[in-house]
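Each remark here refers to the structure printed beneath this line.
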Amino acid sequence: MTTSTREDLDARLGAPARAWLHEALAEAARTTGTPEDAPGPCAVPGWELRFAAAGRHCGQEHADSVRTLLLHEAGADAATLTRLYRQGTAAERRAVLLALPLLSPDPAAGLPLVEDALRTNDTRLIAAALGPYAAEHLDPHSWRHALLKCLFTGVPVDCADGLERRTRGDGELARMLGDHAAERTAAGRPVPTDLHRVLALTSPTEEP
């Protein structure tokens with residue numbers, strides 16, 4: 001996946017941006033794994049500075065892909081992902097969330113970041129948090145509340161990876177959606193179209 005992403009980026013980037021990307025990836029690769037290559041305790045690794053600068057050098061439309069490549073090339077561990085997320089801008093946090101399926105096979109590594117994003121009202125972070133990693137690792141209670149957060153904030157439920165698989169036959173989610181719809185109706189507020197769609201998905205699959 002990373003090879004095809006890099007080849008695709010190479011085809012779309014201009015020469016200066018492409019050269020910057022190659023230098024950044026090489027720098028990330030040099031800092032992978034061995035303690036002797038690590039900077040001092042107060043120093044910021046060069047590739048992390050490039051992670052922050054990706055949008056300026058490669059364009060905002062390519063920043064997510066560039067940052068994912070840098071994280072992969074550097075072999076970013078849970079501590080690094082957490083630091084970049086906690087200290088980063090919204091765009092940098094979004095990139096960390098989007099990279100979780102590739103970088104964090106251990107559920108414990110990325111779940112606190114997903115949960116933090118779902119507590120915000122930043123719709124781009126919420127959408128990024130509900131990718132394949134969340135679909136695979138969020139527990140049922142958190143998944144249900146994540147879908148409700150989408151309805152509250154106007155994030156399309158299509159952003160939630162694994163939507164049909166995880167909602168099918170979920171009676172508790174159906175109850176929560178029904179309560180939410182009733183509350184909105186009682187308050188004279190419209191019920192989001194997405195609510196009806198998810199509610200329909202909670203119906204059990206018919207046996208053949």
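The values are calculated or read from the model by the stated rules, or taken from the named source; none is laboratory data. Predicted model only: the values in this text are computed from it and were never measured. Quick reminder, even Gly has a Cβ in these numbers, built from the backbone with ideal geometry, and neighbours come from all protein chains shown. Quick note on the areas: whole protein, heavy atoms, side chains included, nothing else; ligands and nucleic acids left out. Shrake-Rupley method; radii C 1.70, N 1.55, O 1.52, S 1.80 Å.
Could you tell me how many degrees, from 0 to 90 and to the nearest 10, lie between the Cα long axis of helix 78-87 and the main elongation axis, the longest principal axis, of the Cα atoms of the chain?
Here the helix axis deviates by roughly 80 degrees.
Identify which of the listed values of Rg and Dmax of the Cα atoms in Å was calculated from the structure shown: [x] 16.8, 55; [y] 19.9, 64; [z] 15.8, 44.
[y]
Compute the helix-to-body angle for 15-30: its Cα long axis versus the longest principal axis of the chain, expressed 0 to 90° and rounded to tens.
90 degrees
Taking the stretch 159-195, which trypsin sites (Lys or Arg not before Pro) meet the DSSP loop condition and have no more than 15 other C-beta atoms within 10 Å?
Working: sites: 165, 166, 168, 175, 184; in loops: 168.
The qualifying sites are 168.
How high is the relative contact order of the chain, in percent, with contacts defined as C-alpha pairs under 8 Å that are six or more residues apart?
It comes to 13 percent, rounded to a whole number.
Using r as the Cβ-Cβ distance of residue 145 and residue 53, and R0 as 22 Å, what FRET efficiency do you calculate, to the nearest 0.05?
Using R0 = 22 Å, I get an efficiency of 0.05.
Counting only heavy atoms of the protein chains, get the accessible area per residue of the stretch 63-208 (1.4 Å probe) and round it to a whole Å² value.
Solvent-accessible surface per residue comes out at 48 Å².
Expressed as a whole percentage, what fraction of the accessible surface of the chain belongs to carbon and sulfur atoms when a 1.4 Å probe is rolled over the protein heavy atoms?
53 percent
Which order do peptides 70-76, 117-123 fall in by mean Cβ count within 10 Å, highest first? Can you show the working numbers first?
Numbers: 70-76: 21.3, 117-123: 16.0.
So the peptides 70-76, 117-123, ranked by packing, come out 70-76, 117-123.
With angles folded into 0 to 90 degrees, how steeply does helix 107-119 sit against the dominant principal axis of the chain? Use alpha carbons for both and round to 10.
60 degrees
Just to confirm my numbers, what's the Cα centroid distance between the stretch 155-208 and the stretch 60-96 in Å?
Answer, in whole Å: 32.
Give me the extension gain from residue 83 to residue 30: residue separation times 0.36 nm, minus the current Cα-Cα distance, reported in nm with one decimal.
17.1 nm
Once you charge only the Cβ atoms, +1 for Lys and Arg and -1 for Asp and Glu, what is the size of the charge dipole of the chain about its Cα centre, to the nearest 20 debye? Before the final figure, lay out the partial values.
Details: 22 positive and 29 negative charges, 130 e Å.
In debye, rounded to 20, the chain gives about 620.
Of 203, 155, 111, which is farthest along the charge dipole of the stretch 78-208 in the positive direction, counting Lys and Arg as +1 and Asp and Glu as -1 at C-beta?
155
Provide the gained length on full extension for the span residue 11 to residue 119, in nm with one decimal, where the gain is 0.36 nm per separating residue minus the Cα-Cα distance. Numbers along the way, then the final one.
Working: separation 108, 0.36 × 108 = 38.88 nm, distance 3.73 nm.
Length gained between residue 11 and residue 119: 35.1 nm.
Residue 102 to residue 184: extension gain in nm, 0.36 nm per residue of separation minus the Cα-Cα distance?
Contour length minus the Cα-Cα distance gives 25.6 nm.
Of the listed peptides 43-50, 10-17, 127-134, what is their order by residue-averaged count of other C-beta atoms within 10 Å, with the highest listed first?
Averaged packing, sorted descending, gives the order 127-134, 43-50, 10-17.
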